[in-house]
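Okay, so here's the structure we're looking at.
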Amino acid sequence: MAALAAPSLRLAASGSFLPRLISPGLFSTARIQLAVRQFSLPLLPSLTLAVPVGVQLGLPSLPSILEGIWESILRAVPKKKTSHMKKRHRQMAGKALKDVTNLCKCPACGELKRMHRLCPTCAEKLRELMNKDIKEGDSKQYLTAHTVDEAHPAEIFSLAPTSTSLLSSSGSSALRVHSTADPSFPLQQTIADAHKLGCHHVCTARGGTGTVAASVGFGGDIKIWRVGDAGEWALDWHVPAAKTAGGDVWAVALSADEGFLACTTSDGRIHVWDLAAREKIQTYETGARGGGSFAMAVDLSRDGRLTASGHESGGVYVFNNDAGRMVYSLSGLTKPVRAVAFSPGCKRLAAAGNAGVIALYDMDHGEHVGNLTTPSSRPAWITALDWNDTGEYLLTGSLDGKVKVWDVARGVCVATHSETDTALWSVRWLPKTDKAAAPGAGKSEMFCAAGASRSITFYREATGS
């Protein structure tokens with residue numbers, strides 16, 4: 001009986017009680033008091049337990065008393081659900097999904113896309129083109145009429161055709177003139193020391209008489225050439241680099257009436273010169289004074305109404321010569337623009353460059369109306385383009401050495417020539433003449449291409465009559 005008189009604990013409990021509390025070894029006074037405080041058990045007046053320390057209990061009526069506690073215990077188990085606070089903590093710790101900020105405009109279609117990723121819109125178009133069946137008549141055949149090897153001792157940068165001849169410029173100091181009236185395209189004239197540091201641009205008036213030409217040297221000087229009575233080209237007058245008023249002169253273009261010259265500069269300006277008066281009559285700005293993007297290309301519409309320029313920033317600007325102001329700032333290209341050209345009817349403007357895409361614009365409203373492109377994940381830079389006399393086809397030359405003819409109405413490439421793997425810097429259509437320029441050519445269209453190979457290649461349409 002003395003053992004039974006050991007210190008004991010009276011515990012009154014009611015409601016739910018955890019079975020693990022009545023297991024052996026748990027019935028010390030301190031532990032039971034701690035358990036009661038933790039679980040906040042309500043008192044049960046009808047139950048009084050005397051718990052001697054070290055004595056195991058046997059309570060036959062306990063299961064009946066604690067009947068139904070299991071459901072409440074299971075409901076009290078924490079669910080595997082992440083709270084809003086926990087989600088917020090993860091976000092603040094940088095573990096949440098991050099916003100996509102590396103976005104840019106696709107140079108081809110203008111839609112938003114992830115940088116360094118293929119545009120989904122363009123990919124779908126390319127897929128359609130690749131799956132499209134090539135119908136009979138969708139392609140044109142052009143044959144190599146003649147190749148003038150080693151036409152220059154250095155890379156040929158520019159070509160300028162007339163009705164009877166073709167002018168070419170290169171990294172050498174001389175300009176050369178080849179006759180297009182003879183099937184062998186012989187060298188007709190060499191203009192020695194035209195530009196001491198070499199010439200990067202030479203132009204003639206498209207649709208003009210072919211008696212005036214303009215060239216720009218790497219020294220920044222502009223020279224105007226005219227055909228004399230003997231049929232040879234001679235210097236008419238020149239503009240020294242010191243008088244160009246701004247950055248170095250780059251691209252040049254002549255109006256169809258051969259009365260005006262437009263030239264671009266490295267600081268983004270476009271100057272217009274009156275050739276008869278031999279003075280500058282207009283200057284267009286494309287940015288803050290002296291802070292514009294490098295103007296890499298220029299063209300004058302055949303009606304003399306508009307001037308267009310392409311820039312290193314990807315910008316394309318159109319100016320109204322009568323009003324003397326900018327009328328359109330065109331979007332669609334985000335990479336440097338190396339060539340711009342008005343269609344013969346002055347209704348369309350084509351622009352191309354490092355994006356490898358030809359963007360077409362409507363000149364009545366200044367809208368981007370379409371693109372010409374081939375199914376390729378990495379198209380080559382387009383360095384030159386030119387419209388044919390009817391405005392049906394566009395001719396392009398690219399850095400991978402390919403010459404392509406595009407059907408503008410259908411938006412497809414109808415001919416491709418890749419006789420060289422070196423860069424092409426200039427491609428030009430030759431004006432149609434009544435006399436055949438090559439055997440079997442007749443009145444068919446012809447074009448020429450030149451570049452890093454230092455050769456000039458002439459092509460004629462195979463179906464010519």
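The values are calculated or read from the model by the stated rules, or taken from the named source; none is laboratory data. Small disclaimer: the values here were computed from a predicted structure and weren't measured. As a convention, Cβ positions derive from the backbone with ideal geometry for all residues, glycine included, and neighbour counts pool all protein chains shown.
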When restricted to Thr396, Thr422, Thr383, Thr374, the only residue under 25 Å from His200 (Cβ atoms), in contact with a strand residue (DSSP E or B) (Cβ under 7 Å, 6 or more places away or on another chain) and in a loop (DSSP other than H, G, I, E, B) is Thr422
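This table checks each residue for (1) in contact with a Gly (Cβ under 8 Å, 6 or more places away or on another chain); (2) modelled with pLDDT under 90; (3) not small (Gly, Ala, Ser).
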position	(1), (2), (3)
Glu285	yes, yes, yes
Arg289	no, yes, yes
Arg338	yes, no, yes
Pro375	no, yes, yes
With the first residue restricted to segment 165-186 and required to be assigned by TED's automatic domain parsing to the domain that holds His201, and the second required to be buried (at least 17 other Cβ atoms within 10 Å of the Cβ) and basic (Lys, Arg), Cβ contacts under 7 Å at 6 or more apart or on different chains are Ser168/Arg176
Notebook entry, point to check: Just a yes or no: is a residue in segment 199-218 at pLDDT 85 or above, hydroxyl-bearing (Ser, Thr, Tyr) and in a loop (DSSP other than H, G, I, E, B)?
Noted result: yes
Just one listed residue, out of Gly391, Gly356, Gly366, is crowded, with 18+ Cβ neighbours inside 10 Å and on the phi > 0 side of the Ramachandran plot, and it is Gly356
Among residues of segment 264-293 being of a type outside the set (A, V, I, L, M), surrounded by 19 or more Cβ atoms within 10 Å (Cβ to Cβ) and assigned to a loop (DSSP other than H, G, I, E, B), the residue nearest to the chain's Cα centre (by Cα) is Ser293
Among the residues of segment 194-209, is there at least one that is small (Gly, Ala, Ser), in contact (Cβ under 8 Å) with a residue 12 or more places away in the chain, over 22 Å from Gly259 (Cβ atoms) and surrounded by fewer than 18 Cβ atoms within 10 Å (Cβ to Cβ)?
no
Asp299 meets each of (1) under 24 Å from the mean Cα position of the chain (by Cα); (2) assigned to a loop (DSSP other than H, G, I, E, B); (3) of a type in the set (Asp, Glu); (4) within 23 Å of Cys346 (Cα to Cα) with one exception, condition (2)
* Is it fair to say His238 is outside any loop (DSSP other than H, G, I, E, B) and either touching a residue at least 24 places away in the same chain (Cβ under 8 Å) or surrounded by 23 or more Cβ atoms within 10 Å (Cβ to Cβ) (or both)? -> no
Filter segment 102-156 for residues that are farther than 25 Å from His417 by Cβ, out of contact with any Ser or Thr (no Cβ under 8 Å at 6 or more places or on another chain) and part of a loop (DSSP other than H, G, I, E, B); the one that is modelled with the lowest pLDDT is His116
Here the residues within segment 292-325 that are under 12 Å from Gly268 (Cβ atoms) and not aromatic (Phe, Trp, Tyr) are Gly292, Ser293, Ala295, Met296, Val298, Ser309, Gly310, His311, Glu312, Ser313, Gly315
